[in-house]
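Notes to accompany the following structure.
The values are calculated or read from the model by the stated rules, or taken from the named source; none is laboratory data. Bear in mind that the values here come from a model prediction, so they are computed numbers and not experimental data. All Cβ positions, even for glycine, are placed from backbone atoms using ideal geometry, and neighbour counts span all protein chains on display. SASA here: full protein model, heavy atoms, side chains in, ligands and nucleic acids out. Shrake-Rupley method; radii C 1.70, N 1.55, O 1.52, S 1.80 Å.
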Amino acid sequence: MPMVAKAVEFDTLSGRRSWTVVGADGIPIDELEAYLGTIRSTGRATNTVKSYARHLSLFWRWLDAAKVDWEKLTFPQLTDFLHVYRRGVYPLERADGRERSQSSTKAVAAAVKEFIDFQRAEGRGPSQLILTRASRYSVRTSNAFLAHIEQRAPATRNRLVEGFKDAGRPPSTIDFESDFEKLLTACDTFRDRLLLSAMYDGGMRVGQALGLRHGDLLIPRKHVLVERRDNNLNGATSKTPDLLDLSMPRRFFDLYADYLLKELMPRRLDSDYLFININQEPLGIPCSYSNIYQQVVSIGARAGIPSLTPHVLRHTHATYLAKMGWTSAEIAARLGQRHAASADVYIHIAADDLDQKLAETSHLIWNGSEERPDAE
């Protein structure tokens, strides 16, 4: 089919790389560029703008095929778009013919909702379309003692994702230290070992790790500063706008010493960036996201962990913190997330963990009682 809308990368006036959506004539589509330009100006990460541009280009493609005017959208039409996207059928086919994931579908729904909300705030778009509903748990109407203190503003939910429920499965993880040692053994370079440690021991996103400079490592304090920089040569960006000060284990700094003394110095590679090309041309430039992603997948395959991705290591870090009793707020702070609810996904404690906790604390609950679960 002819190209209706396509997400493309371009250079902004400030010299930064960013993304927009162009039509068949190669010119940015006004409605989409107005929204994407706004989120660029508010400091959203380049990868976020890229994702939203891709999501909205597919939305625009569906609008053209379905002959739907976006300013007159109805809720059933929007849900039809999401089901077409999820199933991967015309006009939103996938190259491999497979269905898209629930998480991908929810991400597209969020992008479309934000776009429509933005346009309606500007006085355009389907004014009668209702995209949110109040959460049934958002407001307490009880007349109980101190109920007036418990009252809080109603939270809202995106109606578009209500038909795409999460399966309730915990995030993908590795088997902590036993698997991590296998991964370190499967690495061909000290650079890759250090990178795996950044994500596993520090919970960093791959974009955060690839943006690190040597000066960000505070070796005497055993800390690493994760700073958001929008001008990285490799386009890597931290989604966290604030400076993140991470305490790191000694293993990370031991791996850094190996990397510095056994790979960078012998090769006479001098760069401010921490993770650079050491075996492939052009040597010495910052590693790209795509190359590192494939490298991590390859390391996992060699270690017998075929499902490994950079984000699995971050998930493992956060899940371990949850198993050690960290709260959602504490985990969110460690990961650089603004809202504690963002870390709730990691509070998935296995049944045997719960049984162990009950065994350890049952004397506090059933003290002196013969009805304790462990009393036989």
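Of all residues in the range 323-365, those satisfying the criterion of being more than 18 Å from the chain's Cα centre (by Cα), open to solvent by less than 80 Å² (accessible area, probe 1.4 Å), on the phi < 0 side of the Ramachandran plot and at pLDDT 60 or above are Lys323, Thr327, Asp353, Leu358, Ala359, Thr361, Ser362. Does the range 90-102 contain any residue that is in contact with a strand residue (DSSP E or B) (Cβ under 7 Å, 6 or more places away or on another chain), farther than 30 Å from Ser172 by Cβ and of a type outside the set (Gly, Ala, Ser)? There is no residue in the range 90-102 that is in contact with a strand residue (DSSP E or B) (Cβ under 7 Å, 6 or more places away or on another chain), farther than 30 Å from Ser172 by Cβ and of a type outside the set (Gly, Ala, Ser). Would you call Gly88 farther than 30 Å from Leu233 by Cβ and touching a Lys or Arg at 6+ places or on another chain (Cβ under 7 Å)? Considered against the rule, which asks whether it is farther than 30 Å from Leu233 by Cβ and touching a Lys or Arg at 6+ places or on another chain (Cβ under 7 Å), Gly88 comes out as yes.
Is the range 83-104 home to any residue that is among the polar types (S, T, N, Q) and part of a loop (DSSP other than H, G, I, E, B)?
Quick first cut of the range 83-104, residues among the polar types (S, T, N, Q) only: 101-104.
Pick out the ones that are also part of a loop (DSSP other than H, G, I, E, B) and you get 101.
Yes.
If I filter the range 228-241 for residues that are open to solvent by 50 Å² or more (accessible area, probe 1.4 Å), free of Cβ contacts under 8 Å to residues at least 60 places away in the same chain and in contact with a Pro (Cβ under 7 Å, 6 or more places away or on another chain), do I get at least one hit? Yes - at least one qualifying residue is present in the range 228-241.
None of Gln119, Gln128 is modelled with pLDDT under 90, out of contact with any strand residue (DSSP E or B) (no Cβ under 7 Å at 6 or more places or on another chain) and either within 26 Å of Glu71 (Cβ to Cβ) or open to solvent by 30 Å² or more (accessible area, probe 1.4 Å) (or both) except Gln128.
What about Ile292, is it touching a residue at least 40 places away in the same chain (Cβ under 8 Å), over 22 Å from Leu217 (Cα atoms) and within 22 Å of the chain's Cα centre (by Cα)?
On the way: touching a residue at least 40 places away in the same chain (Cβ under 8 Å): yes; over 22 Å from Leu217 (Cα atoms): no; within 22 Å of the chain's Cα centre (by Cα): yes.
Criteria not met by Ile292.
If only residues of the range 54-77 that are in contact (Cβ under 8 Å) with a residue 24 or more places away in the chain and in contact with a helix residue (DSSP H, G or I) (Cβ under 6 Å, 6 or more places away or on another chain) are counted, the one that is most open to solvent (accessible area, probe 1.4 Å) is His55.
A residue that is among the basic types (Lys, Arg), open to solvent by less than 60 Å² (accessible area, probe 1.4 Å) and modelled with pLDDT under 95 occurs nowhere in the range 175-193.
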